[in-house]
2 protein chains.
Amino acid sequence: MAKIAILGFGTVGSGVFDIFDQSDFQRKTGEVIEVKRVLDIRDFPDHPKKEIFTKDFNDIVNDDEISVVAETMGGLHPAYEFTKALLEAGKCVTTSNKELVATYGPELLRIAAEKNVRYLFEASVGGGIPVIRPLSACLQANKIEKIAGILNGTTNFILTQMIEEGSEFEDALSEAQRRGYAERNPAADIEGHDACRKIAILSSMATGDFVDYNDIPTEGICDITLNDVKYAEKLGSAIKLIGYAEQTDSGELYACVAPMMIKKSIPLSGVRDVFNAVMVTGNYLGDAMFYGRGAGKEATASAVSADVIDMVKTKTSAHPLIWEEGKVKMLNPAEKEWSYFVRTTADKTKIAELFGNVELISGVAEGEVGFVSEKMSEKEFAERNAQLGGAAIKVLQAND
Amino acid sequence: MAKIAILGFGTVGSGVFDIFDQSDFQRKTGEVIEVKRVLDIRDFPDHPKKEIFTKDFNDIVNDDEISVVAETMGGLHPAYEFTKALLEAGKCVTTSNKELVATYGPELLRIAAEKNVRYLFEASVGGGIPVIRPLSACLQANKIEKIAGILNGTTNFILTQMIEEGSEFEDALSEAQRRGYAERNPAADIEGHDACRKIAILSSMATGDFVDYNDIPTEGICDITLNDVKYAEKLGSAIKLIGYAEQTDSGELYACVAPMMIKKSIPLSGVRDVFNAVMVTGNYLGDAMFYGRGAGKEATASAVSADVIDMVKTKTSAHPLIWEEGKVKMLNPAEKEWSYFVRTTADKTKIAELFGNVELISGVAEGEVGFVSEKMSEKEFAERNAQLGGAAIKVLQAND
């Protein structure tokens, strides 16, 4: 009999409770798993197991029977202090809290290693999709050369509404809010901050050392218009918000979050609605993609629960994950080469002078043309485009 | 320092050798991994490490220094006898040999459990794509309700050529042979036997007990014509060879291998060329998909090597996988309900009499129409279609 606790009885935490309350895990784990305690600041007087709820963290950290804890509170504080105390008390912890892993990952992993317990975070990226585990598996025999992921379901829903229903950005955002996919304050999603935390975690996995999300240039989808979507259609492409990371030949890491135009022959372009997908390129493996529901109560709870069961089975790791800080050298983003989609009201002569003989696409908006540039560094593109004043979107190519 | 051996120096085995010969795994595993022995019946007099080659299996099974063996010989014999002897000698074994796992899996897993060693087979399904591991992870907290996979790269290449190039089946097959994707005797691929072994392995993973591939009705792609492909296009669908398994509410397993029509809004339909993909539906997770190169030297070797490294790190499993034989109850395939695409030269009145008010698609072949039936049992469909004499293809729907 293993006893566990859940911190936070919100969407994910209550989903984790339901999984262990309703299902029979005995066959799978060889052990019965009992949720002994749930921490929440709210009262749940009508809950059938109201006696297990507590507002006092000490009831969990000081309970020697509890060996595994699922932290599903979200936010940095007190999730950080609680997690640290639990690991120091020799308990295994799993979290769905990307903010926490992206901020305090190195310290929490180090404490877990010192205390010979495990700190897992499958649900922090890609919700219910197994991403962290298969990435670890790929990593065993591969150098991960590239990661490109649709990491935020809210923005993917908004872009899908724009592409398939012809909705304007603001209307698609309202629809996402109406359906509960977007918060009333949607900044974390639409400005790309959520995707940025997630690509930072994936980059840390790929490099083996800590990648600080503050070092990752991040652009959201607020400036994407229906006209951009129409140009994408004409180019046989779709616009997606991509978290991107690449290990260069010189050993530097480049990472960014940005909306990108993606050819329809690339599988990421077909990921619709609130689904997420992570494309991983390994030097031996080639391209592999992991796809599924990136959010939602049951999917995310399923990933947290998988971690719980894993830690109930195996409480220690012979080769613990350590992310050292400051070891990853970041490429200057201005040096990274991309192709760009540009739309501009400048005249043909000016465009040709700056970008050469590019194919011009017209018929989307009066007095405006669009084109795809050759690959060039971000710096060079910015210089040339300054003279055009065009709106630009990065183009993700199969070989980027 | 861990010492390993490789059985069979063919495409996959030599790929595994290259990975351990060229890469630095010290950081990843905390151990140096050395390929001490390679078993092959052929001579490799010019190989830079020719001294490690042997034709005598005893050089491996009797070598106490060798703790992990990669079996990449293929075929049932002597791979079965060798694997059994290695496990009984207390060595961990990994294999890319789907035939072996699908045939002798229960016995080999039982011996591994008894000897407290591990028997892994990530590369037996989906080549380099992590499929078995993420499926195990999903399984921790989910009942796997459904699996639908494009499990054979050769047939997917052939179908892609038919869809995108308008090639006839025979020409697409020749092209696949020319490129080395298909064997000179392509029966195992095009008749669906390869996919059948793989869906049997995935079904065993999902149910936790052994599913015999002989119990899985299997249909290949030899009868798919360019006209079928054109009808699919008109229906906004694509034809793919699908390995399918489903756990029914009554606790029975239904499995089959068959070409299926798949709507383009379903991600499996967009899997092109030699790529494989496995869609898994969990009761909490919903749909998740794992996608990548299903074959090829480096991708498959990468999966075998990941297993090797995993076993070098952890030689025993606290909760070994056991597949009991004869425990899975199979649904009578005649009872499984599908929608069918039918093309027929019968007249409208006859079609309406048998299948009701279905929408008829014409303009593909002279004197012929196509339609999609309502969902009905395979038995009922066969009875009705016997009176039409139509050619039929199962339709995979999002909610099947």
Looking at B:283, B:214, which one is polar (S, T, N, Q) and in contact with a Lys or Arg (Cβ under 6 Å, 6 or more places away or on another chain)?
B:283
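Is it fair to say residue B:101 is outside any helix (DSSP H, G or I) and either under 27 Å from residue B:201 (Cβ atoms) or touching a Cys at 6+ places or on another chain (Cβ under 8 Å) (or both)?
Details: outside any helix (DSSP H, G or I): no; either under 27 Å from residue B:201 (Cβ atoms) or touching a Cys at 6+ places or on another chain (Cβ under 8 Å) (or both): yes.
Here the answer is no, as residue B:101 does not meet what is asked.
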The residue from B:147, B:111 that alone is modelled with pLDDT of 95 or more, assigned by TED's automatic domain parsing to the domain that holds residue B:220 and under 22 Å from residue B:326 (Cβ atoms) is B:147
For the range B:304-332, which residues satisfy the criterion of being among the hydroxyl-bearing types (Ser, Thr, Tyr) and not in a helix (DSSP H, G or I)?
B:314, B:316, B:317
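For the range A:233-252, does any single residue satisfy the condition of being more than 8 Å from chain B (Cβ to nearest Cβ), hydrophobic (A, V, I, L, M, F, W, C) and surrounded by fewer than 22 Cβ atoms within 10 Å (Cβ to Cβ)? Before you say what the answer is, go through the steps one by one.
Narrowing the range A:233-252 to residues more than 8 Å from chain B (Cβ to nearest Cβ): A:233-252.
Next, only the ones that are hydrophobic (A, V, I, L, M, F, W, C) stay: A:235, A:238-239, A:241-242, A:245.
Filter once more, so that each one left must be surrounded by fewer than 22 Cβ atoms within 10 Å (Cβ to Cβ): A:235.
Scanning the range A:233-252 turns up at least one residue that is more than 8 Å from chain B (Cβ to nearest Cβ), hydrophobic (A, V, I, L, M, F, W, C) and surrounded by fewer than 22 Cβ atoms within 10 Å (Cβ to Cβ).
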Name the pairs whose Cβ atoms lie under 7 Å apart, with the first residue in the range B:312-329 and at pLDDT 90 or above, the second exposed (fewer than 13 other Cβ atoms within 10 Å of the Cβ), and 6 or more positions between them or separate chains?
B:329/B:251
Can you name the number of the only condition in (1) closer than 19 Å to residue B:228 by Cα; (2) more than 18 Å from the chain's Cα centre (by Cα) that residue B:156 fails?
(2)
Only residues that are buried (at least 16 other Cβ atoms within 10 Å of the Cβ), of a type in the set (Gly, Ala, Ser) and more than 7 Å from every other protein chain (Cβ to nearest Cβ): list them for the range B:304-334, please.
B:317
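Take residue B:170 and decide whether it is farther than 25 Å from residue A:138 by Cβ and free of Cβ contacts under 8 Å to residues at least 12 places away in the same chain.
yes
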Selection status of residue B:256, in the same structural domain as residue B:140 (by TED's automatic domain parsing), in contact (Cβ under 8 Å) with a residue 40 or more places away in the chain, assigned to a loop (DSSP other than H, G, I, E, B) and closer than 22 Å to residue B:187 by Cβ
no
Residue that is away from chain A (no Cβ under 11 Å), among the acidic types (Asp, Glu) and not in a helix (DSSP H, G or I), where the choices are B:114, B:145
B:145
Residue, nearest to residue A:249 (Cα to Cα), within the range A:148-192, restricted to residues that are assigned to a loop (DSSP other than H, G, I, E, B) and of a type in the set (D, E, K, R)
A:191
Residue list for the range A:61-95, restricted to those being crowded, with 24+ Cβ neighbours inside 10 Å and within 22 Å of residue A:214 (Cβ to Cβ):
A:83, A:95
Contacts under 7 angstrom Cβ, first residue in the range A:15-38 being within 18 Å of residue A:96 (Cβ to Cβ), partner modelled with pLDDT under 65 and in a helix (DSSP H, G or I), 6 or more apart:
none
The residue that is modelled with the lowest pLDDT, considering only those in the range B:15-53 that are in contact with a helix residue (DSSP H, G or I) (Cβ under 7 Å, 6 or more places away or on another chain) and more than 10 Å from chain A (Cβ to nearest Cβ), is B:32
One residue is enough: does the range B:365-388 have a residue meeting the conditions in a strand (DSSP E or B), touching a Ser or Thr at 6+ places or on another chain (Cβ under 6 Å), of a type in the set (Ser, Thr, Tyr) and not assigned by TED's automatic domain parsing to the domain that holds residue B:268?
no
Regarding residue A:258, is this residue more than 10 Å from chain B (Cβ to nearest Cβ), touching a Pro at 6+ places or on another chain (Cβ under 8 Å) and surrounded by fewer than 24 Cβ atoms within 10 Å (Cβ to Cβ)?
yes
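Any residue that is under 20 Å from residue B:264 (Cβ atoms), of a type in the set (Gly, Ala, Ser), in contact with a helix residue (DSSP H, G or I) (Cβ under 9 Å, 6 or more places away or on another chain) and not in a helix (DSSP H, G or I) - is there at least one of those in the range B:345-360? Give the derivation first.
Going residue by residue through the range B:345-360, those that are under 20 Å from residue B:264 (Cβ atoms) are B:359.
Checking the rest, the ones that are also of a type in the set (Gly, Ala, Ser) come to none.
The answer is no, given that none of the residues of the range B:345-360 is under 20 Å from residue B:264 (Cβ atoms), of a type in the set (Gly, Ala, Ser), in contact with a helix residue (DSSP H, G or I) (Cβ under 9 Å, 6 or more places away or on another chain) and not in a helix (DSSP H, G or I).
Which of the following residues is closer than 23 Å to residue B:283 by Cα, surrounded by 23 or more Cβ atoms within 10 Å (Cβ to Cβ) and of a type outside the set (Lys, Arg): B:144, B:150, B:158? Can you show your working first?
On the way: B:144 fails: surrounded by 23 or more Cβ atoms within 10 Å (Cβ to Cβ); B:158 fails: closer than 23 Å to residue B:283 by Cα.
Of the residues listed, the single one that is closer than 23 Å to residue B:283 by Cα, surrounded by 23 or more Cβ atoms within 10 Å (Cβ to Cβ) and of a type outside the set (Lys, Arg) is B:150.
Considering each of B:274, B:278 in turn, give the residue that is at pLDDT below 95 and closer than 30 Å to residue B:8 by Cα. Steps first, answer last, please.
Values: B:278 fails: at pLDDT below 95.
Just one listed residue meets the conditions, B:274.
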So which residues in the range B:272-303 are part of a loop (DSSP other than H, G, I, E, B), within 8 Å of chain A (Cβ to nearest Cβ) and buried (at least 24 other Cβ atoms within 10 Å of the Cβ), if there are any at all?
B:284, B:285
Residue hits (the range A:266-284; closer than 30 Å to residue B:305 by Cβ and under 18 Å from the mean Cα position of the chain (by Cα)) are A:267, A:268, A:271, A:276, A:277, A:278, A:279, A:280, A:281
Contact list, first residue from the range B:191-211 and of a type in the set (Phe, Trp, Tyr), second anywhere and assigned to a helix (DSSP H, G or I), beta-carbon distance below 6 Å, six or more apart or interchain, is B:210/B:106; B:210/B:204
So residue B:233 fits all but one of (1) among the acidic types (Asp, Glu); (2) within 26 Å of residue A:270 (Cα to Cα); (3) in contact with a Gly (Cβ under 6 Å, 6 or more places away or on another chain); what number is the exception?
(3)
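Out of B:83, B:72, report the one residue that is under 29 Å from residue A:317 (Cβ atoms), touching a residue at least 40 places away in the same chain (Cβ under 8 Å) and under 30 Å from the mean Cα position of the chain (by Cα).
Details: B:83 fails: touching a residue at least 40 places away in the same chain (Cβ under 8 Å).
Result: B:72 is the single residue among B:83, B:72 that is under 29 Å from residue A:317 (Cβ atoms), touching a residue at least 40 places away in the same chain (Cβ under 8 Å) and under 30 Å from the mean Cα position of the chain (by Cα).
The values are calculated or read from the model by the stated rules, or taken from the named source; none is laboratory data. Values in this document were obtained by computation on a predicted structure and should not be read as measured data. Note that each Cβ is placed from the backbone with ideal geometry, even for glycine, and that neighbours are counted across all protein chains shown.
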